Amino acid sequence: MNSPLRDAVDGATICAISTAPGAGGIAVVRISGNDALGLGSKVFSKSLDTIADRSVAFGRFRDAEGTVLDEGLALILRGPGSYTGEDTVEFNIHGSQFIQREVMRALIEAGCRQAGPGEFTQRAFLNGRLDLTQAEAVADLIAAEHAGAHRLALDQLRGGFAREINALREALIGFAGLLELELDFAEEDVEFADRERFDALLADLLSRVGRLADSFATGNAMKEGIPVAIVGAPNRGKSTLLNALLGDDRAIVSDIPGTTRDTVEDACTLDGLRFRFIDTAGLRDTDDVVEAEGIRRALAKASSASTVLLLLDASTDAQEDVQARIDALDLTPDAHVIVVWNKCDLAPAPTGAVDVPTLSLSASTGSGLDELRQALLDQHRADDQGHQLVVTNLRHFEALTSAKTALQAVREGLGNGIPGDLVAVDARQALHHLGEITGAVHAEDILGHIFSHFCIGK
Ligand SMILES: Nc1nc2c(ncn2[C@@H]2O[C@H](COP(=O)(O)OP(=O)(O)O)[C@@H](O)[C@H]2O)c(=O)[nH]1
Ligand SMILES: [Mg+2]
């Protein structure tokens, strides 16, 4: 690979503790680099060169003075078939913090360098073992705390997203080739490329790039938690519902209207899907500037939420007002709203037709909560159907958006008869942005930024 970063790899053999910090039954110390077997042998009782690839040897660990530190296993993974693409040794040692420190000290004295965050994965990328989206998926996989985030990271690690980006790049390279062919013969006034085919190709590229960019809203919500805003007039039980859903006293509940002034949010996982519930200030006319700001935030949260729960009080609110209250939220037509009649322990929910899903429950007794959870799950399972590629990473989303803008410029340029060489500049720009996603083109500072967020030892 012709990358400037290649030179940044100092040729050192690196080592790090790959297991979590602290004491444990076993700790794994990983060594990677040209001299991993040689340097590793200096602290191990057997010569690692003599051990077959992908096999394990038992032996003693010693420092330079010959002090025995521990006994354990050495796993040999020779390059280029290892994770990093380089010769790699993994020592399984006893997980006392003292032994971990001592084995690291012995390795560094033997000539290894302590690895920086993500340096093993960075080497895997630079050695062509992973593309950048897969390297990022490794970090996401390590950070995943629920089934939804885990599945997204695993899909990305398997390379489906990178394959789609590469397919888009190839189509675009073909397109740019045709465009440049036309340029070469421009003086002869021959139009080689068929305009209609050009346009069809561009339309296809634009819709695929656009679909991926649009999937970020869903992908991000699945990773960070699907935002569900709880809104309504004061005293409808919004804070009580938040606490009931979270199973925790997160928000202050009181019968004094206007108690919740700012938004309060927290996430919980329902059946493998992560939801972020947002309690908001009660909606009413007010002269209090702080409360008014709370209400402004409540409406903003509602408009950016995936689902809005509009809370009403079954014992005081009237069915006739429901539509007006929904309208007052001023949401987009495709927003998901669920009307929730609360306090059904006091009075039955009024009936009557509104064109929105409606549930009744009691936040304080908990009856009807399971139905609400099920409704949320059904709604988002339906959104998530088809197992399509979804973008979960802000960096990818930004690059896709830039690629889309460049492709739109190409399309407009061609439509307006702008000279081919100018159009080709935009086409190359789109290609550049797509290449940034997989790392086919990359700037050193971007890589530094990505890998600095990894743990040491990965
Ligand atoms: N009986 C009954 N009271 C409730 C229920 N939910 C909330 N409340 C009460 O209604 C009042 C207002 O609740 P709160 O959650 O602070 O409402 P918010 O202003 O919408 O956040 C409190 O006194 C709660 O105890 C319910 O399901 N049944
Ligand atoms: Mg409240």
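All of the numbers you see were taken from the coordinates with simple rules; none came from a lab. The shown structure was predicted, so the numbers you read here are calculated from the model rather than taken from an experiment. Methodologically, a virtual Cβ is constructed for each residue, glycine included, from the backbone with ideal geometry; neighbour enumeration extends over all protein chains shown.
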#### Entry: 3J(HN,Hα) from dihedral phi, segment 105-119, Karplus parametrisation 6.51/-1.76/1.60, rounded to Hz, x for glycine, proline
4, 4, 5, 5, 5, 6, x, 7, 10, 4, 6, x, x, x, 5
#### Entry: Largest-first principal axis extents of the Cα set of segment 413-458 (Å)
54, 14, 13
### Message
Please compute the contact order of the chain in relative form: average sequence separation of alpha-carbon pairs under 8 Å and at least six residues apart, divided by the residue count, as a percent.
### Response
16 percent
## Note on the structure
Note to self, the chain gives a 222 nm [θ] from helices alone (DSSP H runs n ≥ 4, -39500 (n - 2.57) apiece, / all residues, nearest 500) of -15000 deg cm²/dmol
## Note on the structure
Straight-line reach check, Lys404, cutoff 30 Å on alpha carbons, 8 or more apart in-chain or any other chain, hits among lysines -> Lys223, Lys301
## Note on the structure
Charge dipole of the chain built from unit charges on the beta carbon (Lys, Arg +1; Asp, Glu -1), centred at mean Cα; most positive-end Cα among Leu172, Leu157, Tyr83 is Tyr83
### Message
For a distance above 26 Å, tell me the whole-number percent of Cα pairs in segment 225-387 that qualify.
### Response
20 percent
### Query
Using a 4.7 Å Cβ cut-off, which Cys residues in the chain lack a partner cysteine?
Cys268, Cys344, Cys455
### Query
Can you give the three extents of the C-alpha atoms in the chain along their principal axes, from longest to shortest, in whole Å?
82, 77, 39
### Query
Using θ = phi - 60° and the Karplus form 6.51 cos²θ - 1.76 cosθ + 1.60, what ³J(HN,Hα) does each residue of segment 423-439 get, whole Hz, x for Gly and Pro?
5, 4, 4, 5, 4, 5, 4, 4, 4, 4, 5, 5, x, 5, 5, 8, x
### Summary
Exposure-ranked with fewest Cβ neighbours within 10 Å first, Leu201, Leu422, Leu361 stand as Leu422, Leu201, Leu361
### Task
Report the full-extension gain for the segment Thr316 to Arg395: residue separation times 0.36 nm, less the Cα-Cα distance, to one decimal in nm.
23.6 nm
### Query
Considering the zone a paramagnetic label at Arg373 would reach in this model (a point 7 Å from Cα along the Cα-to-Cβ line), which residues of segment 331-356 have amide N under 16 Å from it?
none
### Query
Which ordering of Glu436, Glu412 is given by a fewest-first count of other beta-carbon atoms within 10 Å?
Glu412, Glu436
### Query
What residues have an amide H closer than 5 Å to that of Asp70, excluding those fewer than 5 places away on the same chain, when H is modeled at 1.01 Å from N in the peptide plane?
Phe61
### Task
Return the long-range amide H neighbours of Ser360 (sequence gap of 5 or more, or a different chain), with a cut-off of under 5 Å between placed amide H atoms.
Trp341
### Query
What are the ³J(HN,Hα) values, in whole Hz, obtained from phi via the Karplus relation 6.51 cos²θ - 1.76 cosθ + 1.60 with θ = phi - 60°, for each residue of segment 314-328 in sequence order, with x given for Gly and Pro?
4, 8, 10, 8, 10, 4, 4, 8, 4, 4, 5, 5, 5, 4, 5
### Task
In whole Å, largest first, what are the principal axis extents of the Cα atoms in segment 1-141?
44, 31, 25
### Task
Could you state the angle between the C-alpha long axis of helix 160-184 and the longest principal axis of the C-alpha atoms of the chain, as a value from 0 to 90 degrees rounded to the nearest 10?
80 degrees
### Task
May I ask for the angle, rounded to the nearest 10°, between helix 132-143 and the longest principal axis of the chain, with both axes built from Cα atoms and the value confined to 0 to 90°?
70 degrees
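Please arrange Ile450, Ile278, Ile108 by counting, for each residue, the other beta carbons lying within 10 Å of its beta carbon, fewest first.
Details: Ile450 21, Ile278 26, Ile108 13.
Fewest-to-most Cβ neighbours within 10 Å comes out as Ile108, Ile450, Ile278.
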